[in-house]
1. Does Ala276 fit the bill of being touching a residue at least 24 places away in the same chain (Cβ under 8 Å), touching a strand residue (DSSP E or B) at 6+ places or on another chain (Cβ under 6 Å) and within 16 Å of the ligand (Cβ to nearest atom)?
2. Is it the case that the range 116-138 has a residue that's away from the ligand (no atom under 15 Å from the Cβ), assigned to a helix (DSSP H, G or I) and open to solvent by 20 Å² or more (accessible area, probe 1.4 Å)?
3. Here are some residues: Ala217, Ala268, Ala272. Which one is under 27 Å from Gly328 (Cβ atoms) and part of a loop (DSSP other than H, G, I, E, B)?
4. Of everything in the range 68-105, what is within 16 Å of the ligand (Cβ to nearest atom) and either closer than 30 Å to Glu295 by Cβ or basic (Lys, Arg) (or both)? Give them in sequence order.
5. Here are some residues: Ala177, Ala196. Which one is hydrophobic (A, V, I, L, M, F, W, C) and away from the ligand (no atom under 16 Å from the Cβ)?
6. Consider Lys390 carefully, then state whether it is open to solvent by less than 40 Å² (accessible area, probe 1.4 Å), closer than 29 Å to Asn271 by Cβ and either part of a strand (DSSP E or B) or of a type in the set (A, V, I, L, M) (or both).
7. Please indicate, with yes or no, whether at least one residue in the range 620-638 is charged (D, E, K, R) and surrounded by fewer than 19 Cβ atoms within 10 Å (Cβ to Cβ).
8. Just checking, how many residues over the range 242-265 are part of a helix (DSSP H, G or I) and either under 22 Å from Pro38 (Cβ atoms) or out of contact with any strand residue (DSSP E or B) (no Cβ under 6 Å at 6 or more places or on another chain) (or both)?
Amino acid sequence: MRGFLSLILLAALLPLGAATPSWAARAEAAVAKLPLTPTPPMGWSSWNKFRCNITEDLIKQSADALISSGMKDAGYTYVNIDDCWMAPQRDANGDLQADPVRFPGGIRALADYVHARGLKLGIYSSAGTKTCQGLPASLGHEEADAGKFAEWEVDLLKYDNCNDGGVPAIERFTTMAEALAATGRPIVYSICEWGANKPWEWAGALGHYWRTTGDIADRWGSMVAIVDQQAGLERFSGPNAWNDPDMLEVGNGGMTEVEYRSHISLWALLNAPLIAGNDLRTMSAATKEMLTNPEVIAIDQDWAGVQGHKISDRGDLEVWAKPLSRGGAAVVLFNRGPVGAEVATTATDLGLKSWTGYRMRDVWTNADTHTRDQVRASVPAHGSRMFVVKPGPPGKVPPAVAADVRTDTEGFVEAGQTFTATVRFSVDGLPPVRDAEVTPAVPEGWSVKATGPTRARVVVPGRPFSARFEVTVPGGAGKGIYGLTSQVTTRGGRQVTGYGSVAIAQAPQGDQWLSDLDALTADVGYGTMGRDTNVGGKPIKIAGVPYPKGLAPHAASEVRYFLDRRCTRFTVAAGIDDGTNRRGSVTFQVLGDDRSELAATGVIRGGEPAVPLDVDVTNVLVLTLVTGIGPDNNNSDHSIWGSPRIVCAV
Ligand code: GLA
């Protein structure tokens, strides 16, 4: 080990001599970083839940909770103090010092506390003149600060990107990599550059993992926007050099349990560092179970040469998969849409070797089933199912089954309407299934009547059983999305659920402002969407121009409108509200059905004039307006769809 260390020291120090070497060469030299994260690091960080409200007691209690909750045993070892641990001024020697009120014992004592419990301590600084919260940071102090972190026996540094002093990112992050190497202490280096300069192309030479995007928020729209940005980055990730889609929000309260399960399932599939961001001291049993599921963690920790990636994408229905090192593949069937639907792939599409059949393990329910090739499940809105699929004989495990609910509508109905719902029950493996009984479920006050048999004696692979029902919506039914979740029960009491739904929505008439219509769904990054006001309830203005009509969804956002194929043209002015004082950066996208891109802007910054879009929306059933957080975090991302005018049939 010592030989290895001095080699690294040499590599780090050499380029500092002679003529100034290029930054690329210096980054190369730092390649000899220690292999400290052969699998994605796991731990906890103070930021997502506590922001600047941190004290040494909180850090100690969180370390204790990692142990008492069983998270340490599940693999979570890093206790990371994020921004705001430092005093507002450096000490008399010019060194960083802990805030004397909130961290009276200092960082070294905290490291001792954490180490005594078999855990590791992480700390935070910024590659800037100040941290993101305006406290002393490390640009120009790299050597001294790295020296302090080593002296305090810190095990991990998260190095942020705020207040960069105009110095290019690769220079700032390389200088700290060299400073850390020069300390001789093994310190995991977490590069928090927000994906602004494609860090996946260079940060692997310097650090152990790097952020690929701006900050996550505890919102569905934010989490999904981050997932979108991971597609295509898989080839840059591997042992000791991981893509980091940001810390977990599981348990922080801004998403449903179904959404959090999608969040951690996808993070595990992406080989993401699993850094919990909730209050460990008070977490619910459901949160603990989500964070500590051993089979989900095993998927995260199994790199097998390639991180998980998207293998298919049909509008809102996505399949993400990754090969596993011991054979087989992990798969997430992901439904990002607002209505339940079946998501399907096959063992062949997962890249598994051809076999007579495959074992499917549901890692959340621990149910084992057998399939000939189909890998499918009905998935609720915003939900996912996660399986490990491996070639193998059926043995004693039951066949995989799936229930699916469809209607003869396009998903939209009107009050008083009668439509047909079909519950299809499929058996994907052997042996055949006996006595399948379909029980439809409709919202209260709706009526449902079978129009054929609801029970099948035997169902075999390739010959699904369909039960048909006539469903009538009551005359007074209001706008909303209504579930048609149905059950199929088979001999022996086995049950499978099919998730379906229909919506009652307001169809546009003639020329209208979108802000005068009710959105079908509106997922926003902060607060609620403003209609004809900004997020703060004040009049909208972009670069001095007032917009009396407009939508104000804070990014990251996704807002859907039912157009009913009645419209031809959508015009809008995309920009950031002047209320941010020229701050914020946002991207805008207009999507048609199946998430096809109809129009998009590049990054628009606060203070810049609005970008006009003129979009052909002929034949679009549902229009989706998406705003992304741009290259930094979502602070001040007050996106505005100004004068959103839709031209429709009268
Ligand atoms: C940036 C980072 C976050 C967090 C904050 C702290 O926004 O991206 O993860 O560390 O700074 O101020």
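The values are calculated or read from the model by the stated rules, or taken from the named source; none is laboratory data. This structure is a prediction, so every number in the text was calculated from the model and none was measured. Backbone-built Cβ (ideal geometry, glycine too); neighbour counts: all protein chains shown. To get the accessible areas, we keep the full protein, side chains included, count just its heavy atoms, and leave off ligands, DNA and RNA. Shrake-Rupley method; radii C 1.70, N 1.55, O 1.52, S 1.80 Å.
1. Criteria met by Ala276.
2. Going residue by residue through the range 116-138, those that are away from the ligand (no atom under 15 Å from the Cβ) are 116-121.
Imposing the further condition that a residue be assigned to a helix (DSSP H, G or I) reduces the set to 116.
Checking the rest, the ones that are also open to solvent by 20 Å² or more (accessible area, probe 1.4 Å) come to 116.
Yes.
3. Details: Ala217 fails: under 27 Å from Gly328 (Cβ atoms); Ala268 fails: part of a loop (DSSP other than H, G, I, E, B).
Within the list Ala217, Ala268, Ala272, the selection yields Ala272.
4. Within the range 68-105, Tyr78, Val79, Asn80, Asp82, Arg102 qualify.
5. After applying the criteria, what remains is Ala177.
6. no
7. Filtering the range 620-638 for residues charged (D, E, K, R) gives 632, 637.
Now narrow it down to the ones that are surrounded by fewer than 19 Cβ atoms within 10 Å (Cβ to Cβ): none.
No, the range 620-638 contains no residue that is charged (D, E, K, R) and surrounded by fewer than 19 Cβ atoms within 10 Å (Cβ to Cβ).
8. Taking the range 242-265 as the starting set, the residues that turn out to be part of a helix (DSSP H, G or I) are 257-265.
Filter once more, keeping what is either under 22 Å from Pro38 (Cβ atoms) or out of contact with any strand residue (DSSP E or B) (no Cβ under 6 Å at 6 or more places or on another chain) (or both): 257-261, 263-264.
The number of residues fulfilling the criteria is 7.
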